[in-house]
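Throughout, read-outs are computed from the coordinates displayed, never taken from laboratory work. Model, not experiment: these values are computed from the prediction. All Cβ positions, glycine included, derive from the backbone under ideal geometry; neighbour counts span all protein chains shown.
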Amino acid sequence: MRKGMNRTNHIKERRTGLLRIGDLGRLTGKTVRALHLYEELGLLKPIRRTSGGFRLYEAGAIERVRWIDLLNATGVSLHEIQHLVQAWWSAELGPEAMHELRGLFQRKLDQTRHAIRRHQQLERELLEGLSYLETCRVCGTRESVAGCITCQQDHGMPGEPVLVAGLMSSPDRAVRPAARAGFVRVEDVHPSSGLGVAGPAPERSDRKPERSHSLP
């Protein structure tokens, strides 16, 4: 019986244009928990509650939630939005409130443009990396990744892109195996290791070493 009454009330609410919190969440893509948080911060208020305690919102709440979401996407935190709303309604003069709002929008516009430039640079870096790696798809070598460091394949660019070069210059590069058997790259030879370019073998001497006369 109670379930039937709730369904009847729900139908009446829809006819009057009122929304329950679950309906509002589905229409805006927000969780019930998020909507509860908006209410706690004073950013969203139900118009009334049902006899069963369900929150009811006007249709305008949909645009209200979308406004909060849009402002939040620009980098304004929920607490900053809360402060903005409080400052707006407590301002003595309209022009002053508009001036503060304009300053906020300008700062967020500058930050957004900076982020766009940064992401455009990242896009270029990723495109260059993908273009370089495209040639590797048809590489027929059977060498280990050490061979990639000394790769002579034409990748269509003067050098490795930053994202690829950074991997090849990783700290563990010095302990990688040589690119080819019997081949040691000069940069992999540490001065203190005693290795170097092989020279002529030292001449053997038939002379016996002299005894040392130093006292023990």
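Can you list which of the chymotrypsin sites (Phe, Trp or Tyr not before Pro) found in the stretch 40-120 are DSSP loop residues with at most 10 other C-beta atoms within 10 Å?
none
Once you list every other residue whose beta carbon is under 11 Å from the beta carbon of residue 161, what net charge do they have if Lys and Arg are +1 and Asp and Glu are -1?
-2
Provide the per-residue ³J(HN,Hα) series for the stretch 145-158, in order, calculated from phi with Karplus coefficients 6.51, -1.76, 1.60 and θ = phi - 60°, each as a whole number of Hz, with x at glycine and proline positions.
5, 4, x, 5, 5, 9, 4, 9, 5, 7, 9, x, 8, x
Does the stretch 41-124 come out rounded, prolate or oblate by the C-alpha gyration tensor, with a ≥ b ≥ c the root eigenvalues, rounded set by a/c under 1.5 and, if not, prolate when a/b is larger than b/c and oblate if not?
In terms of gyration-tensor shape, oblate.
Please give the contour-minus-distance gain from residue 124 to residue 78: 0.36 nm per residue of separation, less the Cα-Cα distance, rounded to one decimal in nm.
Additional length available on full extension: 13.2 nm.
Between beta-carbons, use under 12 Å as the cut-off and find the net charge around residue 116, counting Lys and Arg +1, Asp and Glu -1.
+1
Once the other residues with Cβ under 11 Å from the Cβ of residue 78 are scored (Lys, Arg +1; Asp, Glu -1), what is the net sum?
Net local charge, residue 78 excluded: -3.
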